[in-house]
Each structure stands twice: as structure tokens, then as C-alpha cells.
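Participant: Have a look at this one before I ask anything.
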Amino acid sequence: MSNIRRAFEHGKAFIAFITCGDPDLETTGAAVRAAVANGADLIELGIPFSDPTAEGPVIQGANLRALNGGITTDKIFAFVKELRRDVKVPMVFMTYANVVFSYGSERFLSTCHKIGIDGLILPDVPYEEKEEFQPVCKKYGVDLISFIAPTSENRITMIAKEAEGFLYIISSLGVTGTRREIKTDLASIVKVVRDTTDVPCAIGFGVSTPEQAKNMADISDGAIVGSAIIKFLEKYGKKAPSYIGEYVKSMKNVMR
């Protein structure tokens, strides 16, 4: 069984996204630990990329700050290895195909396995092209996380049938970022998923308030939050982890 399933064993999962190296890796580590201490069930670590096409301005800004600060994939690997000494919840990387290709897919995934990364999210790799990465992910026991978007429609069953780890359901069209309202008929998407697979599904893109988190958790198996967390790092810098901890606690409390 996938280690990622552990995140969904105790009720609805809160998944926190944090960009590595924004403003520095020490702060990233403190933010991860604060999130976990306050109820985060799974951590999604962003490996910065110069052209993050799925991201809105908030996470784009985090990528830029981290890259300007000298972050590299090797530094992130060393950081995660150290983080794994005390952070036991499942962790996944979110990055882009070019980051993996340029590093070398075999080398990248074998290192993920060694340092305790449980899954990989590549938002610029559509389902039809996942064979570029699937075999090497499987070889090293790293789940390749699939996306289901509001436009997936007749592809939902096909994607869900082969899902690993968890299914990432995109709440609405567009890039990441906080949204006042989420109007997509997510319940019908989740129903198709549940009729097809027992792999858990969580909803992300635009989730930022406790009310939204509760609504997403009521429909699915969990909620994914990124931009709202990154805003604390943008505003408070090295002091952000305590604010992130309080925020995660408030989100997790309504999801219980």
C-alpha cells in the first residue's frame, strides 16, 4: 500500500504546499514542522522552476524568491534528507517535467526514494504523457500523482483507474491562487472517482478559508492549500512559521 494512504487514515486530510527555499531552507523547514505540529497530514514541497505554468502570481513569486536566493535541486534533496529525521508524515514533490529531465529522471527518482519522498506531482505532464515518468517512478516506489480538472469529463474514469497515492482534483479552471468562490460541480467529479477507485482524492486550487476547506473535505477526502500559506511567507519571511502553524490549526479544526 502506498505510504501516502497514511495521510487519509485519520479522517479528512489537510495537505499543505510550501515552496522550498522561500525565503531560505531554514524557514522552509520551520514552516513544514509548524504545519505538521498543527495537523497537516501530508506536505507538498515545491521545487522551484523558472516557468511554473500552473501557478498564479503568489507561488510564482515564491519560485522567483527561492531561485534568486540560490536554491538548487541538490540543496533541496539534502534538506529533505535532514527533514526526514523528525518529520514522519508523507511528503511529495511538486515540480515541472523539465526539472526532472534536466536532473536525469533515473537519478531524480532514485534520490527521491533514498530521502523518503513518497510521491511526485508534475502539473505540466498530462495523463496521456505520463509514460515518460511512470516506469521510473514505479521502479523507485514513488507515486506519480494524477490530476483531474473540471474539463476532464469523459477522461475522469480513465485517469482514476490508474491513480496512485491520491488524486489531485482541481477545483476550478485557471492557475493556483486564492478564490472567493468555487463554483465547479465537484461532487459529481468525486462521485465518478469513488465509483472507479478506492484511491483517496483531495481538492486544491483556490482553497484558502476554513469554510472552503470544510466544504472541500465534506465532498472529498481532503483539501490542498498552497497560495494562502505562501502569502504568510511573502509577508512575514523568517517569522512566517508561527503564523502558518496557527493557520493550519484553524483549517484542520473545521475539517475534523
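Participant: If the only charges are +1 at each Lys and Arg Cβ and -1 at each Asp and Glu Cβ, what is the size of the charge dipole of segment 12-255 around the Cα centre, to the nearest 20 debye?
Facilitator: The dipole magnitude comes to about 720 debye.
Participant: Using alpha-carbon positions, what is the distance between the centroids of segment 226-256 and segment 12-65, in Å?
Facilitator: 11 Å
Participant: Also: Nothing charged except the Cβ atoms of Lys and Arg (+1) and of Asp and Glu (-1): what's the magnitude of the dipole of segment 116-256 about its Cα centre? Round to the nearest 20 debye.
Facilitator: I would put it at about 740 debye.
Participant: Enumerate the residues in segment 28-72 having an amide nitrogen under 13 Å from the point lying 7 Å beyond the Cα of ALA97 toward its Cβ.
Facilitator: 53
Participant: If the chain between ASP195 and LYS239 were fully stretched, how many nm would it gain, using 0.36 nm times the residue separation less the Cα-Cα distance?
Facilitator: Difference between extended and current length: 11.4 nm.
Participant: List MET158, MET91 from most exposed to least, where exposure is judged by having the fewest other Cβ atoms within 10 Å.
Facilitator: MET158, MET91
Participant: Provide the gained length on full extension for the span ALA187 to LYS81, in nm with one decimal, where the gain is 0.36 nm per separating residue minus the Cα-Cα distance.
Facilitator: Gain in length upon complete extension: 34.4 nm.
Participant: To continue, here is another question. Given ASN154, LEU233, TYR127, which one lies farthest toward the positive end of the charge dipole of segment 119-255, if we put +1 on the Cβ of every Lys and Arg and -1 on the Cβ of every Asp and Glu?
Facilitator: Checking the options against the dipole of segment 119-255, the answer is LEU233.
Participant: Take peptides 111-123, 69-81 and line them up by average Cβ neighbours within 10 Å, highest first, as a rough protection proxy.
Facilitator: 111-123, 69-81
Participant: Mind sorting out which of (i) 10; (ii) 16; (iii) 26 is the real percent of Cα pairs over 33 Å apart computed from the coordinates?
Facilitator: The value matching this structure is (i).
Bear in mind that the values in this text are calculations on the coordinates, not laboratory data. The model shown is predicted, which means the values in this text are computed figures rather than measured ones. Positions of Cβ are backbone-derived with ideal geometry, glycine not excepted, and every protein chain shown enters the neighbour counts.
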